[in-house]
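Presented below is the structure to which this report refers.
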Amino acid sequence: MEARLRKTGCGTKSLKPIPTFESEDEEREFWATHDSTEHVDWSRAKPTTFSRLKPSTQTISLRLPETLLENLKMLANKRDVPYQSLLKIFLAERIEQELRGLR
């Protein structure tokens, strides 16, 4: 790979090439032991957002009493949202409330 040049206040600094990695583990190990400023000109970096990035989720199986599920579906229908989404909102709110109480 060809070295890139970076202009600094003291002149020009040569950037080392970033190797090609066979796996994420290999790349993770590389960056854990190397300084990224030797490979990347961070002065040219631009802020960005990843608006379509979704948090990791895990599928679970949950047994609920029928009446509880019926009531949840009724509330979700009134709010015009899927009952699974409403359940996630209720869980997130309650967990946050409980965590605030622990502090």
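Read-outs: derived from the displayed coordinates by stated rules, not from any lab. Predicted model only: the values in this text are computed from it and were never measured. Note: ideal-geometry Cβ built from the backbone for every residue, glycine included; neighbour counts use all protein chains shown.
Numbers at a glance
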item: Between 0 and 90°, nearest 10: helix 83-102 axis offset from the chain longest Cα axis; result: 80 degrees
item: Equivalent ellipsoid dimensions for the chain as semi-axes, Å, which come from the Cα gyration tensor, largest first; result: 50, 17, 15
item: Percentage relative contact order, the chain, counting C-alpha pairs under 8 Å, at least six apart; result: 13 percent
item: Cα-based helix-to-principal-axis angle, 24-33 vs the chain, degrees rounded to 10; result: 60 degrees
item: Potential lengthening between PHE21 and GLU38 on full extension [0.36 nm per residue; Cα-Cα distance subtracted]; result: 4.4 nm
item: Per-residue [θ]222 nm for the chain (sum of -39500 (n - 2.57) over DSSP H runs n ≥ 4, rounded to 500); result: -14000 deg cm²/dmol
item: For region 53-103, radius of gyration divided by Kirkwood radius, i.e. Rg to Rh on alpha-carbons; result: 1.03
item: Simple label model, 7 Å out from Cα along Cβ direction - PHE30 to ALA45, nm; result: 1.7 nm
